[in-house]
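Right, one structure below, let's go through it.
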Amino acid sequence: MSQTPIEPSPATTRAAFLNGLGAAWRSIFAYVLVGNYIGIGALSYEFGFSLPWMILSTLVIWAAPAQVILISTLTTATLLEVAIAVGLSSARFLPMVAALVPLLKAAHTRQFQLLLPSHLTAISVWVEGMRMLPQVPRAERVPFYNGLGLGLLSAAVIGSVIGYALAARLPPLLATTLLFFTPIAILMSSARNSTTLIDRLAFVLGLVIGPLLAAQKVKLDLMWTGLVAGTIAYAVHRLREKWR
């Protein structure tokens, strides 16, 4: 007769959460996010938004591109148009969450326990989570991921506060340059984490196809880059498996 799975003790959950929090601040992404959000904090100041509003938008949206869209369009577009633009920008997180949930779930995991990890899933958290979670005991993965996500989110909040405070003295070119820290870090981390043929092929094809589509001014170039590169890499992988 099967027994009901036993949930981890509060002490184990707390330790896993603290481990995730520590892992966040040992990650290069924490310091990249500080630099990135210095630029966003400065941008918020330039558009006349308050510091509490800036912090709240970081906590609620937790996506730098979506926040740039929000800050730069909120005074020039309708609320509906802004909401649609921010929503479409953040829709890319849906497949990330879908890929993450099977790694997080254990036998005792309830649906409501996945709500916070889903909200915390930004690109930086997802990349580090996918790398670290396989080494974490399954029963401890949800609190570990929560600690990881909140640690990186706190780095973003700290960066936004610093950027807001320095906005009067930060050159506009430097503030704009800081926004490129996160994509560069993601590129380097993706290269490091590409260990299989399908990953490496998709990565290389993306580097080639993306600039070509951008140069041709193809609309939705990022979406088409992922779709074409991923499809080709998957097809090559399936053919390779079939010929083995």
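Where a number appears in this text, it was derived from the coordinates with a stated rule and is not lab data. This is a predicted model, so every value here is computed, not measured. Positions of Cβ are backbone-derived with ideal geometry, glycine not excepted, and every protein chain shown enters the neighbour counts.
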Of the DSSP H helices in the chain, those whose Cα atoms cover at least 30 Å axially and whose Kyte score averages 0.5 or more:
141-166
Can you show me the helix-derived [θ] at 222 nm for the chain, built from DSSP H runs with n ≥ 4 at -39,500 (n - 2.57) apiece and divided by the number of residues, rounded to the nearest 500.
-24500 deg cm²/dmol
Expected max-MSF residue from L74, L120, L148 in the GNM of the chain (alpha carbon, under 10 Å) is L74
How much length, in nm to one decimal, is gained on full extension between R244 and L227, taken as 0.36 nm per residue of separation minus their Cα-Cα distance?
3.5 nm
Exposed loop sites here are chymotrypsin sites (Phe, Trp or Tyr not before Pro) in DSSP loop states with at most 16 other C-beta atoms within 10 Å. What is the longest stretch of the chain lacking them?
48-179
From Cα pairs below 8 angstrom and at least 6 apart in sequence, can you work out the relative contact order of the range 11-192, rounded to a whole percent?
49 percent
Among residues other than N19 whose Cβ falls under 12 Å from its Cβ, what is the net charge (Lys/Arg +1, Asp/Glu -1)?
+2
Can you tally the net charge around S118? Count Lys and Arg as +1, Asp and Glu as -1, for every other residue whose Cβ sits under 15 Å from the Cβ of S118.
+4
Global form of the chain, assessed from the alpha-carbon gyration tensor, a/c cut-off 1.5
oblate
